[in-house]
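Student: First the structure, which I've put down as structure tokens, then a few questions once you've had a look.
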Amino acid sequence: MSSSPFIIVAIDGGAASGKSSTSRAISERFNLLHVDTGSFYRAVTAELLARGVATGDQTAVKSAVALLTLSTRVIGRSAFMEIGGQVVPEARIRSAEVTAAVSHFAAIPELRAALLAYQRGQVDVARKNNFRGLVMEGRDIGSVIFPDADFRFFLHADPEERARRRAQQGQPDQIAERDRLDSQRKTAPLVLPSGATGIDSTYLTLEQVVEKISATLAARMNRHHDQLDMEPLYGVCHYILRQFYETFFRGEAIGLENIPSDGGFMIASNHASHLDPPVVGSLFSRQVCFFARKTLWKPGFATWWLNSVGTIPVDRDGGTDVTAIKRVLGALKKEKVIILFPEGTRSPDGKLQAAKPGVGLLACRTGVPVVPARIFGSFKAFGKDGKLRLGTPITVVFGQPLQPSEYDDPSVGKERYLLASQRIMAAISKLELPAPVIV
Ligand code: DC
């Protein structure tokens with residue numbers, strides 16, 4: 001089993017420093033739960049204002065806060081605070097009234113203390129929802145909430161640039177005043193914590209900031225990917241196949257940073273060649289589970305081999321095979337990676353085919369993240385015509401994992417599994433080869 005830890009990324013910075021857009025992009029790229037703690041302070045502020053609590057009355061704030069029932073709703077990749085079971089509407093928490101009051105409430109130690117456990121509790125929310133970790137933005141994440149976070153960043157930008165960004169968003173904001181209050185308060189002030197990486201974004205685009213942070217994260221994660229985690233026989237075959245893929249088909253993979261480094265998940269790939277399963281499998285440093293048609297279990301070497309590398313036998317129309325479903329559930333419980341081909345069979349012409357419901361059923365029943373993968377070149381290298389063309393480049397592009405909320409819609413009834421498969425297939429079809437770099 002993989003021993004990679006849950007990842008916590010802290011991104012602090014002043015108002016309009018670019019935290020939110022950056023955090024959102026990082027959450028997408030690395031399958032992390034996005035937690036905007038500023039929105040938590042805003043939601044509580046909106047609630048206190050609605051209850052007529054004044055910022056100056058610390059006793060009233062303390063008792064009002066103690067009465068709040070806080071929970072979290074995950075929508076897409078973001079965590080939203082619920083107060084009394086209701087998410088406070090965005091329009092309300094971004095209103096001028098809340099923006100003007102939030103820093104005053106946020107300076108009250110009792111309010112901060114009440115939110116501390118709630119913010120740390122987002123780790124459980126992220127784990128329950130199968131995220132690989134979380135990216136939390138705020139003012140004191142790297143200093144107080146998660147001083148031991150795996151990655152801590154601090155964004156800053158010149159005040160004029162930040163004022164320009166806010167104006168562009170059309171939101172009235174007293175950036176300088178909020179920063180003054182946030183930096184000067186006694187409890188958990190806005191500071192660049194020692195050991196955190198400071199990034200000045202004044203002259204950087206959002207993409208450049210995201211690239212900087214991604215490069216740091218990916219470097220660490222790829223180090224983890226380098227540690228092999230597999231049984232000996234599988235390991236030997238894996239090594240041979242990897243050399244084979246690199247030598248004869250260039251062995252190129254794009255988007256490896258999208259692959260969760262731990263927990264169970266599925267890879268859903270297009271299928272155009274017998275080369276696809278070993279090619280995709282050779283890119284993983286973890287042992288992956290494959291499916292194969294039951295009819296391949298012929299007495300002798302084939303059966304020994306398929307069982308030895310943990311292949312799951314499945315009926316041709318895998319979706320209704322109860323034993324196969326049970327084995328998938330068992331494998332995912334053991335945090336294995338499963339490779340599936342939503343089209344069911346190899347493409348006759350190299351083009352993408354329609355998805356069958358089987359993969360959707362397995363995904364919906366297991367509720368795991370699904371990483372879309374698109375293989376380019378395998379049809380040309382060894383397609384249905386059966387001719388092996390060594391030297392043909394084969395490239396695998398991995399996309400960002402789809403969460404159950406993105407592929408599963410239980411309300412559609414009978415069509416649920418087919419729809420899930422189609423959504424997964426749509427994510428595969430969106431993956432492209434990067435444009436060639438001209439030098
Ligand atoms: O990120 P934001 O501008 O939406 O945050 C609103 C206010 O919440 C900010 O002015 C200060 C406060 N806040 C805080 O004190 N600590 C955090 N971790 C996040 C926000």
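Student: Do any chymotrypsin sites (Phe, Trp or Tyr not before Pro) in the stretch 142-248 lie in a loop, going by DSSP, with at most 14 other beta-carbon atoms within 10 Å of their beta carbon, and if so which?
Tutor: Qualifying residues, ordered by number: Y203.
Student: Please sort 373-383, 183-193 by packing, taking for each peptide the average over its residues of neighbouring beta carbons within 10 angstrom, highest first.
Tutor: So the order, starting with the most tightly packed, is 373-383, 183-193.
Student: Leaving out ligands, DNA and RNA, and with a 1.4 Å probe, what % of the accessible surface on the chain is carbon or sulfur?
Tutor: It is 56 percent, rounded to a whole number.
Student: Something else about it: Can you work out the FRET efficiency for the pair E90 and R166, with r the C-beta to C-beta distance and R0 = 22 Å, to the nearest 0.05?
Tutor: Computed FRET efficiency for E90 and R166 comes out at 0.85.
Student: Tell me which residues come under 5 Å, amide H to amide H, from G383 once H is placed; ignore anything under 5 positions away on its chain.
Tutor: Answer set, sorted by chain and number: none.
Student: Out of residues 5 or more away from A157 or on other chains, whose amide H comes under 5 Å of its own, with H placed 1.01 Å from N in the peptide plane?
Tutor: For A157, whose amide H was placed from the backbone, the distant partners under 5 Å are S201.
Student: Quote to one decimal, in nm, the extra length available between A292 and W304 on full extension: 0.36 nm per residue of separation minus the C-alpha distance between them.
Tutor: Using 0.36 nm per residue and subtracting the Cα-Cα distance, I get 3.0 nm.
Student: Restricting to bridges with both residues inside the chain, how much of the DSSP beta-bridge set is antiparallel, in percent to the nearest 5?
Tutor: Rounded to the nearest five, the antiparallel share is 25 percent.
Student: Determine the per residue accessible area of the chain with all protein chains present and a 1.4 angstrom probe, expressed in square angstrom.
Tutor: Per residue, the chain has 46 Å² of solvent-accessible surface.
Student: Could you compute the net charge surrounding F6? Neighbours are other residues with a C-beta less than 9 Å from the C-beta of F6; K and R count +1, D and E count -1.
Tutor: 0
Student: Oh, and also: What helices does the chain hold that run 24 Å or longer along their axis, going by alpha-carbon atoms, with a Kyte-Doolittle average of -1.0 or more, using DSSP H for the helix calls?
Tutor: For the chain, where a helix must reach 24 Å along its axis and average at least -1.0, the hits are 206-225, 232-249.
Student: Could you work out the mean projected area of the convex hull around the alpha carbons of the stretch 147-251, in square nanometres to one decimal?
Tutor: 11.4 nm²
Student: So who's got an amide H within less than 5 Å of the one on C289, skipping anything under 5 residues away but keeping other chains? H placed 1.01 Å off N, in plane.
Tutor: It is V337, I338, I339, by chain and number.
Student: Sort 363-370, 169-176 by the packing proxy (mean of other Cβ within 10 Å over each peptide's residues), most packed first.
Tutor: Ranking, from highest mean packing down: 363-370, 169-176.
Student: For the ranges 269-278, 8-17, 341-350, what's the packing order if you count other beta-carbon atoms within 10 Å of each residue, average per peptide, and put the highest first?
Tutor: Final packing ranking: 8-17, 269-278, 341-350.
The values are calculated or read from the model by the stated rules, or taken from the named source; none is laboratory data. As the structure is a computational prediction, the values presented were derived from the model and not from experiment. Virtual Cβ from ideal backbone geometry, glycine too; neighbours counted across all protein chains shown. The protein model used for the area step is the full one, side chains on, heavy atoms only, and it has no ligands, DNA or RNA in it. Shrake-Rupley method; radii C 1.70, N 1.55, O 1.52, S 1.80 Å.
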